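The structure appears below as structure tokens.
No value in this document is a laboratory result; all are computed from the given coordinates. Nothing here was measured: the structure is a model prediction, and the numbers come from that model. Ideal geometry is used to build each Cβ from the backbone, glycine not excepted, and the neighbour counts take in all protein chains shown.
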């Protein structure tokens, strides 16, 4: 089975196309009546006066609109057959084009308004993620979220690019088209109620300004931002980002590791690839793990999050695990979903009362 992509056209394009089709039917019918004018009689004119082009236009308009005053009528057999088998179907097609187009435009606009209103209502009722920028980094971030249980309907993309709009729609994502440094654009994306915001544009300046704007609109959102240059990391953190990823440095380090040790580079790439081999994840501390040493757990613990600070597993501060800790572990891929951020812990976590 061959399934071709749908071509989305605006309602006004469809309206113009159908109006042109209706006009073509109108002109064609006028010419048909005029060329066969000997078969028509105008009741308001003398019998030998005949039907003019004006009369043909008048007769066509009142006929196709089903008004039918009856002052001009076909009198010959040929003219009546033409009316029965050509003009009558043209009349039906003309009405279907006009009425159908009007109903379709109204229905499509009303349906779209209803969908947007329902989407905005749902965004206000559930935790959603706003992704600013839908390039390579943005798509990878969304893929990671979705692969770890995030609902696509709870992800909103903000990007000014038409190409990004098409790609995000193809991936089943809602899109707000516009500049993410503008408050109104971010408000349309629901940033003020978002739980997380991921900022991944290709410009550090835009990322900083977007971060500042997001933080002003939503002081509680968890903001993750990317920067291209390491020197911009402090500025990004001062702007309100909770986590800053230096994309160019990270790629450079991976390239360096791969050049020195191909196997080490392969392992690092494996850790960053979802669904294959090993993966790095954060999870809650379970009740039966409280009081144990990090090295004694089945998972390979590489760090412990305590009081919003990250400690290496060998740090004396976290020799014994305590209630409220969260673990950064290396584990087989697809074993468990990513743990939620603090405040939405799993049912068996040690944080439960």
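Data for the structure
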| quantity | calculated |
| --- | --- |
| Fraction of alpha-carbon pairs over 17 Å apart in the stretch 127-250 - percent | 49 percent |
| Order of 245, 72 under a 10 Å beta carbon neighbour criterion, fewest first | 245, 72 |
| Highest-first arrangement of 283-292, 311-320, where packing means the average Cβ count within 10 Å | 283-292, 311-320 |
| Fully extended contour minus Cα-Cα distance, from residue 206 to residue 61, at 0.36 nm per residue | 46.4 nm |
| Mean Cβ count within 10 Å, highest first, over the residues of peptides 30-42, 77-89 | 30-42, 77-89 |
